[in-house]
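Here is the structure we will look at.
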Amino acid sequence: MHGRTADPGRPDETFFGPFRAMLRARLTPPAEGAQWTGIATAAAAALLRSGAVDAVLAVAPDPADRWRPLPVIVTDPAGLARCRGMRMGFAPLLALLAPARAAGYRRLAVLGIPCQVHALRALEADLGLERLYVIGTPCSDNTTTANFHRFLALLDPRPAAVSYLEFRTDYRVELRYDDGRPARTIPFLRLPLAELPADFFPMTCRTCVDYTNRLADLTVGYMGGDGDQWLLVRNDRGQEIVDRIAPQLLVGSPGQGGRRRAAVAGFLANTARAAGGLPVRRMPGWARPIAAFLQPRIGPRGLEFARARVEMKAVETVLHLRRAFPRRMRWMVPAHIWRLVAPYGLAPAAGEATPPPAGPDGTAERGGGARSLDAGAPRG
Ligand SMILES: Cc1cc2nc3c(=O)[nH]c(=O)nc-3n(C[C@H](O)[C@H](O)[C@H](O)COP(=O)(O)OP(=O)(O)OC[C@H]3O[C@@H](n4cnc5c(N)ncnc54)[C@H](O)[C@@H]3O)c2cc1C
């Protein structure tokens, strides 16, 4: 879909996947109810409005529980407004492909997280679509909506009134309420993560190898935006999407600051302890306010923050798979993950490395090993 794999000559492509442009951006004015400024839903609305697509597949809140994702087919641009904001939970979004096709929609846009986009790309050739636009968001981890309600109850005495939650790049979680209370933020270091069950995030998320949605035409996130949003325009189709909302966008170049090395190394040491069944090393209570004060000031920022998060995710993948499913590593850990963890002393042990892809004569091992996430034929 991008016509090429990540270019080793452009080091950020190892972290974020192939892209032709990387932007810091914000929708002006920001959309009411959006998770950040609403670029993702505005882009889909623009595709509908211009007639480039007949329908959009996205996720709206379940009427019975605002945190539960409800997959929807949207044909009216105004309908994208109700898809704004992040839901926590697994949404069977691609189950709507069949009804969308049955309704005669041949030009589709799909808004999805990486696991949804991977499955979509695997199905794409058989869908008989005239055109497909893929707007992806990054995704760190997901969990069941029920689990997420438990997390909210640990964070707040009146969790039912929490209307918004985000893990911001200034190392704080922001909570907003609809009961009149002002928004508040909690430093990451003060989150009650130790009280969450070990399986709070499923193994599939903890071993995910595509944080940044490398197969999307356009990735819309926030990690590299240093307080704004962060766009990865991956191919011509992604550029076409951005062009359609250009008048509403304020764009700039992503900045960076700080150094990630020590943060990622510390994360690795703690994850290794946890994966080995040892208790995670916690900071003493007195040191936490100091560290929480210092973290946004001296920790990695902007693109360096995004690189740190991607490396941490890669570290998690290797350590959790090694512990839980060592025999699957050679099929599940693509080469770019090994490149990301190499500076931290993690390297494939015997049998863990990806076998070379099958040659034209078919002599190499069947199955081809962990596939590149970026490859794909150029599209016409
Ligand atoms: C579980 C989860 C974890 C995320 N983690 C990160 C992260 O670590 N770093 C990062 O940069 N971004 C992350 N995102 C994306 C981020 O929350 C924003 O969606 C993104 O920055 C776009 O913001 P926006 O204002 O343009 O979105 P909006 O215009 O408000 O649109 C929100 C979009 O999110 C989609 N959506 C909401 N909930 C779900 C869901 N459960 N499953 C699938 N799609 C959903 C909607 O369909 C809609 O397209 C995550 C999203 C989810 C769902």
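We did not get these values from a lab; they are worked out from the coordinates using the rules stated. Everything numeric here is computed off the predicted structure, so don't read it as measured data. Note that we place each Cβ from the backbone using ideal geometry, even for glycine, and neighbour counts take in every protein chain shown.
If you average 1/r over all unlike Cα pairs in region 128-236 and invert the result, what Kirkwood radius do you get in angstrom? Display every interim value, and only then the final one.
Working: mean 1/r = 0.0620 Å⁻¹.
One decimal place: 16.1 Å for the Kirkwood radius.
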For this session: Springs between alpha-carbon atoms under 10 Å, Gaussian network over the chain: tell me which of Thr219, Thr143, Thr37 tops the mean-square fluctuations.
Result: Thr143
Problem set entry | Residue-wise HN-Hα coupling along region 53-66, computed from phi with Karplus coefficients 6.51, -1.76, 1.60 (Hz; x: Gly, Pro) | 10, 8, 7, 10, 9, 8, 10, 10, x, 5, x, 8, 7, 5
Problem set entry | Which of Gly3, Gly227, Ile39, positive extreme of dipole for the chain (C-beta unit charges) | Gly227
Exercise. So which residue, out of Leu129, Leu27, Leu232, gets the largest mean-square fluctuation from a GNM of the chain using Cα contacts under 10 Å as springs?
Worked result: Leu129
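So what is the 222 nm mean residue ellipticity for the chain from helices alone, if each DSSP H run of at least 4 adds -39500 (n - 2.57) and you divide by all residues, rounding to the nearest 500 deg cm²/dmol?
Working: 12 runs with 116 residues, N = 380.
So the calculated ellipticity at 222 nm is -9000 deg cm²/dmol.
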Problem set entry | Positive-end residue of Leu249, Thr185, Val74, charge dipole of the chain with Cβ unit charges | Thr185
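Give me Asp228, Asp126, Asp65 sorted ascending by neighbouring Cβ count inside 10 Å, so fewest comes first.
Numbers: Asp228 23, Asp126 7, Asp65 14.
Fewest-to-most ranking of Asp228, Asp126, Asp65: Asp126, Asp65, Asp228.
Once you keep just the Cα pairs under 8 angstrom separated by 6 or more residues, what percentage relative contact order results for the chain? Intermediate values should be presented prior to the final figure.
Values: 693 pairs, mean separation 79.9, N = 380.
Relative contact order of the chain: 21 percent.
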Problem set entry | Tensor-based shape of region 257-344 (alpha-carbon gyration tensor, a/c under 1.5 rounded, otherwise prolate or oblate) | oblate
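Counting Lys and Arg as +1 and Asp and Glu as -1, each charge on the Cβ, what is the dipole of the chain about the Cα centre in debye, to the nearest 20? Provide the component values of the computation, followed by the final result.
Values: 50 positive and 34 negative charges, 181 e Å.
Computed charge dipole of the chain: roughly 880 debye.
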For this session: Pick out which of Pro30, Pro18, Pro114 has the largest mean-square fluctuation in a Gaussian network model of the chain, springs linking Cα atoms closer than 10 Å.
Result: Pro30
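Going through region 105-185, which GluC sites (Glu not before Pro) have at most 12 other Cβ atoms within 10 Å and a DSSP loop state? Write down the numbers at each step before the final one.
Details: sites: Glu124, Glu130, Glu166, Glu174; in loops: Glu130.
In loop regions of region 105-185 (DSSP not H, G, I, E or B), the sparsely surrounded GluC sites (Glu not before Pro) are Glu130.
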For this session: Apply the Karplus parameterisation 6.51 cos²θ - 1.76 cosθ + 1.60, with θ equal to phi minus 60°, to every residue of region 95-112 and state each ³J(HN,Hα) to the nearest whole Hz, in sequence, with x for glycine and proline.
Result: 5, 8, 4, 5, x, 5, 5, 5, 7, x, 7, 10, 10, 10, 10, 10, 9, x
Problem set entry | Dipole of the chain, positive direction: furthest Cα of Ala262, Leu127, Pro114, with charges on the beta-carbon | Ala262
For this session: For region 253-268, just list the computed ³J(HN,Hα) in residue order, Karplus coefficients 6.51, -1.76 and 1.60, θ = phi - 60°, integers in Hz, with x standing in for Gly and Pro.
Result: 8, x, x, 7, x, x, 10, 8, 3, 5, 5, 5, 4, x, 4, 4
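In whole angstrom, how long is each semi-axis of the equivalent ellipsoid of the chain, when you take the square root of 5 times every eigenvalue of its Cα gyration tensor and sort them from largest down?
Numbers: eigenvalues 185, 164, 81 Å².
So the three semi-axes of the chain are 30, 29, 20 Å.
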Seminar exercise, completed: Once amide hydrogens are built 1.01 Å from N within the peptide plane, the residues lying 5 or more places from Ala60 or on another chain with amide H under 5 Å from its amide H are Leu70, Val72
Exercise. Amide H to amide H, which residues 5 or more places from Thr137 or on other chains are under 5 Å from it, using H placed in the peptide plane?
Worked result: Gly112, Ile113, Val220
